[in-house]
Amino acid sequence: MPTDRKAYLRAYYLKNKDKIRTYQKKYAVENKEFLKEYFKKYVRENQESIAFNQATYRANHKLERDAYAYQYYQDHKTEADARGAVLVTCKCGSVVRSGNFPRHRNSKKHIDFMEKMEKEDEITPPS
C-alpha cells in the first residue's frame with residue numbers, strides 16, 4: 001500500500017473505476033432535481049467570479065483559440081464553400097447563391113418585386 005495519500009487515492013480509483021462511475025451515474029439520476037437547483041444556485045451566487053474566470057481564460061488562450069479556428073477553417077473550407085455555392089431560386093425569380101440569399105432578400109429588386117406581388121394578390125379576387 002502506498003504511503004502517499006494522493007498515490008493511494010489514485011490507485012483506489014483505478015482499482016474501483018467501474019464501481020465509482022456506476023455510483024456517480026445512479027446518484028445523478030436519483031438526485032436530478034436537487035443537482036439542477038444546486039448548480040443554478042451556485043451559478044447565481046458566483047456569477048461574477050465565473051465571468052471573471054472565463055474572461056481571464058479567453059485572454060490567456062486567445063492565440064490558441066485563433067490557431068484552432070484557423071486550422072478548423074482550413075480543414076473544412078471546401079465543405080463551407082460547397083454549401084455556399086448551391087444555387088437557390090427565390091420567389092422573385094432571381095437565382096442566387098445560398099450564401100448570398102439573406103443579402104438578396106434585403107435588396108431593392110427583391111423588396112420591390114415582393115411588394116408588387118402582394119398588391120396583385122390584394123387586387124385579384126380568389127378563384
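The values are calculated or read from the model by the stated rules, or taken from the named source; none is laboratory data. Note that the coordinates shown come from a computational prediction; the quantities given were computed from them, not determined experimentally. Cβ: placed from backbone, ideal geometry, glycine included. Neighbour counts: every protein chain shown.
Every residue, every condition in (1) closer than 29 Å to residue 103 by Cα; (2) of a type in the set (D, E, K, R), yes or no:
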residue	(1), (2)
21	no, yes
33	no, yes
45	no, yes
60	no, no
64	no, yes
67	no, no
72	yes, no
87	yes, no
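Could you go through segment 87-97 and let me know if any residue there is under 21 Å from the mean Cα position of the chain (by Cα) and either among the polar types (S, T, N, Q) or not in a helix (DSSP H, G or I) (or both).
No.
Hey, does segment 30-52 have a residue that's touching a Lys or Arg at 6+ places or on another chain (Cβ under 8 Å), assigned to a helix (DSSP H, G or I) and modelled with pLDDT of 95 or more?
Checking segment 30-52: not a single residue is touching a Lys or Arg at 6+ places or on another chain (Cβ under 8 Å), assigned to a helix (DSSP H, G or I) and modelled with pLDDT of 95 or more.
State which residue is nearest to residue 113 (Cα to Cα) when the search covers only segment 40-97 and only residues that are small (Gly, Ala, Ser) and surrounded by 10 or more Cβ atoms within 10 Å (Cβ to Cβ).
Just the residues of segment 40-97 that are small (Gly, Ala, Ser), to begin with: 49, 51, 55, 59, 67, 69, 80, 82, 84-85, 93-94.
This time we only want the ones that are surrounded by 10 or more Cβ atoms within 10 Å (Cβ to Cβ), so: 51, 55, 67, 69, 80, 84-85, 94.
Details: 51: 48, 55: 47, 67: 45, 69: 40, 80: 30, 84: 24, 85: 24, 94: 10 Å.
Here the residue is 94.
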